[in-house]
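Heads up: the structure comes next, in structure tokens.
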Amino acid sequence: MHGTMLIDTNILLSFLLDQNDVKSTEKFLVNTERQKISLKMLDFALYSTCVALDRLGEEQLIKELILTIEKLQNIEIIKPKTEEILEALIYKVNLDFDDRLHYYFSRKYNLNFISYDGDFKKTDIKIYTPKEALNLLGLS
């Protein structure tokens with residue numbers, strides 16, 4: 001596995017809320033930063049994470065999230081351009097809006113997609129859990 005990786009909303013939620021395979025998620029985030037492996041995240045994913053945390057009354061976790069992302073040198077927040085959003089809507093895949101954006105960016109920019117979302121298994125892109133990404137990177 002080479003190149004930049006696109007991380008899904010559920011990767012951050014896994015880390016912050018101790019969900020899914022939180023140990024692998026934390027190891028993935030720590031090791032990719034240590035190895036200076038470029039991670040990208042849609043601004044929509046960041047906002048969705050904040051909305052989910054806000055609904056849970058986790059304002060402190062929102063602050064921690066923002067400060068952590070700002071501190072990490074390897075995560076870039078992508079703000080899709082209007083034309084990219086429109087292009088993403090053209091794809092005829094059975095995904096909701098935010099997943100279709102991730103699908104679009106993963107395909108268009110050849111990004112490895114890191115997610116726990118099983119909905120992507122019915123598409124033509126390969127998704128990796130943090131544990132699978134660590135194995136492919138030789139960082140497990």
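How would you order 74-83, 14-23 from highest to lowest mean count of nearby Cβ atoms within 10 Å?
Descending mean neighbour count gives 14-23, 74-83.
Positive end of the dipole of segment 5-137, charges at C-beta (+1 Lys, Arg; -1 Asp, Glu), about the Cα centre: which of S14, L136, Y109 has its Cα farthest in that direction?
L136
Give a quick list of chymotrypsin sites (Phe, Trp or Tyr not before Pro) in segment 104-140 that DSSP marks as loop, anything other than H, G, I, E or B, with at most 16 other Cβ atoms within 10 Å.
Y109
Sequence neighbours fewer than 8 away in the same chain don't count; with that in mind, list the lysines whose C-alpha is under 19 Å from K121.
Hits, sequence-local ones excluded: K92, K108, K131.
Under 14 Å from the 7 Å Cα→Cβ point of V51, by amide nitrogen: which residues of segment 76-99?
Output list for this probe position: 96-99.
Test of understanding: in a Gaussian network model of the chain with alpha carbons linked when under 10 Å, which of L46, L89, L12 would top the mean-square fluctuation ranking?
L89
If you stretched the chain out fully between S140 and K27, how much longer would it get, using 0.36 nm times the residue separation minus the C-alpha to C-alpha distance?
39.8 nm
How high is the relative contact order of segment 5-137, in percent, counting Cα pairs under 8 Å that sit 6 or more residues apart?
33 percent
Taking amide H positions as placed 1.01 Å from N in the peptide plane, with prolines and chain starts having none, which residues 5 or more places from Y128, or on another chain, fall under 5 Å of its amide H?
F113, I114, S115
No value in this document is a laboratory result; all are computed from the given coordinates. Since this is a predicted model, take the numbers as computed values, not measurements. As a convention, Cβ positions derive from the backbone with ideal geometry for all residues, glycine included, and neighbour counts pool all protein chains shown.
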